[in-house]
Structures are given as structure tokens and as C-alpha cells.
Amino acid sequence: MAAPTGNWRLFEVDFGAPDAYEQSHIPGAAYLDTHCLEDGPLWNKVADDLLLQLLLDIGIRHDTTVILYSRNMAAAARAAHLMLYAGVEDVRLLDGGFDAWQRAGLPCAAGAPQSYPSATEFGVPFPGNPHFMTDLHQAHALLLQPGGALVSIRSWDEFTGKTSGYSYIQAKGDISGALWGHAGSSVGADVNDMSAFHRPDGTLLPVSDILQFWRQEGIHADLQTAFYCGTGWRASLAFYYAWLMGWDNISVYDGGWFEWSQSCFAQQ
């Protein structure tokens, strides 16, 4: 991929106080807290007007090239999906995240987060890609639709109901009729484990590897697909993969298992 030539922004993405960022980060990077992108109780996307204002406040228009990295690749992917939903045209992830930067021996900086000049307008109608997001009722309809698929990006233990995967989600199990899209590949994998999608060093697997295990689960580009997990982070990484592959009919079911397990549909 070519280096950005126009207006661009670099962000480290994480959740919580930026202590790790302040100790060491990529020079020139600003800090983006996912708490600004999602809120409780379900940790879904914030309202569109809040998302738009956030992007403007951090200097992002639809034609801004945005480069994201994190210490947990799913955090950067969460931000990437919401920016693509918003209509940002060029959103990139640093392969391997901050660990890869450090392993390469590249320079790091310390100190408080910097800020970019704000943008006065987004430049196109907002959100630019509303079809990249699926709500609860759309997810249920997708299950009944020929050629539709909900794809669970959760560990095997979560998908088969051995664990909910989350301290704050009591219900175990998964959505009846969903396909398993993989996530953590190790025994006892937790919600931060997306090892099915990357090499041991944290860099992303080639597309051919992802297509192979998705194909075995019946997941392919011709489906109308909504990826989900517990609350959106892992699903966003799977979405980003599919987006890079050029899949057209993709979205994230933001509510995921957390919302579904509390809904009337979970009792059907």
C-alpha cells in the first residue's frame, strides 16, 4: 500500500487511561480511547451525532487517511470499523501493532497525548456506510434470509456454551443458526485472543489462510454477512479482513451475544 500523500492522522487506540501510551508510543501518534466510540450498558457504538463530533474534534474528514495501531489489534479494528461506517474512505491498520514497531527497533516517544487540529466539516453525508452496521432486529431477519449469515467471532468454548467469555455476561451459549468464524485458537482462549487470525508474532495471517477456515465453516463472499462477538471488538477485526478482501455484503452486528442473550430472540 502506498504511503499517504494527502491529509493523514496517526492514532494509538486503547481503552482506559493512556498510561502505556504516555510511557512509549510511535512519534507523532495521538491517542484515541475506545470509550469515546462506544458506551454502556451494551458497549455499542455511540449515537451518530456523537461519533461525528468526535471525528471532527480529532481532525478526521471523509477524505482523511487514518492510520491506527494498538497493543491489542482488536482495539484498532474496532475504531477502524466505526470510521469505515462513518464514511472515512482510507482507514489502515499497522500490521502487528505497537509490538511490531518495537521489534523493528523503530524510534518511540514518551509524554502526554498530542492533539490534531479539528475539522470543520466531514465533507459527505453521515454516516457514509450505514449498511456496515446491523442492529438486533436486522440480525434476526438475517438468520431467516436465504443467503444471510450471522458469523460468530468467538472462541470455540464460547460458541459451544462452555463459557460466556466475559465477566459481565452471565449467559453462556451462542446464537442458534450462527456460523462459527473462529477467534482465539488456543485452549481456554479469552476475549482478547484472536490468534486464529494472526501469526505468533501478532502480524496478520495472509488472506488465503482466513478464507480456508471460513470456507470450511460455510462462510464466503456471496453471503449477506454480519460478524459479531460479545460486544464488537473481535467482530471488527473479522469485518476488516473481509473489507480488505473486497467483500461487498458485510457488516458488524454491534450488540453481539451480550445484546442477543438478553433479548426475546434468545428464548425462541
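The values are calculated or read from the model by the stated rules, or taken from the named source; none is laboratory data. Since we're looking at a predicted model, the values are computed, not measured. Methodologically, a virtual Cβ is constructed for each residue, glycine included, from the backbone with ideal geometry; neighbour enumeration extends over all protein chains shown.
How many residues, within segment 22-31, are within 13 Å of Ser115 (Cβ to Cβ) and in contact with a Pro (Cβ under 9 Å, 6 or more places away or on another chain)?
Final tally of qualifying residues: 3.
Would you confirm whether or not segment 185-198 contains a residue that is in contact with a Phe, Trp or Tyr (Cβ under 6 Å, 6 or more places away or on another chain), surrounded by 14 or more Cβ atoms within 10 Å (Cβ to Cβ) and in contact (Cβ under 8 Å) with a residue 60 or more places away in the chain?
no
Evaluate the following for Leu93: is it closer than 22 Å to Arg199 by Cβ, modelled with pLDDT of 95 or more and either crowded, with 20+ Cβ neighbours inside 10 Å or not assigned by TED's automatic domain parsing to the domain that holds Tyr228 (or both)?
Against the criterion (closer than 22 Å to Arg199 by Cβ, modelled with pLDDT of 95 or more and either crowded, with 20+ Cβ neighbours inside 10 Å or not assigned by TED's automatic domain parsing to the domain that holds Tyr228 (or both)), Leu93 qualifies.
Quick grid of which residues meet (1) at pLDDT below 95; (2) within 24 Å of Leu244 (Cα to Cα); (3) assigned by TED's automatic domain parsing to the domain that holds Phe227:
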residue: Ala110; (1), (2), (3): no, no, no
residue: Val124; (1), (2), (3): no, yes, no
residue: Ala149; (1), (2), (3): no, yes, yes
residue: Ile153; (1), (2), (3): no, yes, yes
residue: Ser164; (1), (2), (3): yes, no, yes
residue: Trp180; (1), (2), (3): no, yes, yes
residue: Ala189; (1), (2), (3): yes, no, yes
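Could you check, for segment 43-62, whether at least one of its residues is under 19 Å from Leu204 (Cα atoms) and surrounded by 15 or more Cβ atoms within 10 Å (Cβ to Cβ)?
The answer is no, given that none of the residues of segment 43-62 is under 19 Å from Leu204 (Cα atoms) and surrounded by 15 or more Cβ atoms within 10 Å (Cβ to Cβ).
Return yes when Val252 is within 24 Å of Val88 (Cβ to Cβ) and in contact (Cβ under 8 Å) with a residue 40 or more places away in the chain and no when it is not.
Criteria met by Val252.
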